[in-house]
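Just so it is clear, none of the values below were taken in a lab; they were calculated from the coordinates. Not measured: the values here are computed from a predicted model. A quick note on method: Cβ atoms are made from the backbone with ideal geometry, for glycine too, and the neighbour counts reach across all protein chains shown.
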Ligand SMILES: N[C@@H](CCC(=O)N[C@@H](CS)C(=O)NCC(=O)O)C(=O)O
């Protein structure tokens, strides 16, 4: 829990999976924080001042410390507030959680999102390639409730904010179920489990509003 004199602020954007996962982590730890919404693509002078390198959300401000990049923010949160640890303690498991988290953001996200904007090799190829990548996670989660085991962990927050509650919703705009139950039973079970976690439900964007906004983002990106 945050100590009395502590100040925790989060600059975020409501549909950003990167922001959503940081909120999940703060809530999991029970850290009170002030949430400052950015209206992307506009950027406030505060965001530009706090994250001059990347100019992106999320940014966490803990007292006089400023942090950006969601994976690093999650690690900082886990090590600063030590209740409800969410990164594995075992060095190998921790390295693997980081490995898969990087894979989600650096491989699954571009493979799954870009074709919605520029379907250069066709939608069918994009679906197949994205599913091949997602299948690696299916193997990781099979037989478990969460990637972290019995409770939600680092990779659950990274992959959860990105795959079911962002990417799959973007594909739903096209009428496509990217993670069909018959091909991905482990991931579908995991998604149900995630939906049972109160802090996850509190942090994911409302579905209708989210899909409507994503449709607009995709259309705008297509025409630019
Ligand atoms: N690697 C960053 C990615 C953050 C990111 O891409 N944030 C987006 C919102 S979803 C953003 O602020 N975009 C503004 C821009 O690109 O100008 C992280 O993990 O925090």
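Points to keep in mind about this one:
- Antiparallel content of DSSP bridges confined to the range 8-80, in %, to 5: 65 percent
- Translational diffusion of the range 117-216, µm² s⁻¹ [Kirkwood Rh, Cα pairs; Stokes-Einstein; 10 °C; 1.306 mPa s]: 112 µm²/s
- Rotationally averaged projected area of the range 8-80 (alpha carbon convex hull; nm²): 4.4 nm²
- Beta bridges from DSSP with both residues in the chain: antiparallel share about 70 percent, rounded to the nearest 5.
- Diffusion coefficient, µm² s⁻¹, Stokes-Einstein with Kirkwood Rh over alpha-carbon pairs of the chain at 4 °C and 1.567 mPa s: 71 µm²/s
- Each of 9, 220 was scored by other Cβ atoms within 10 Å of its Cβ. Listed from fewest to most, they are 220, 9.
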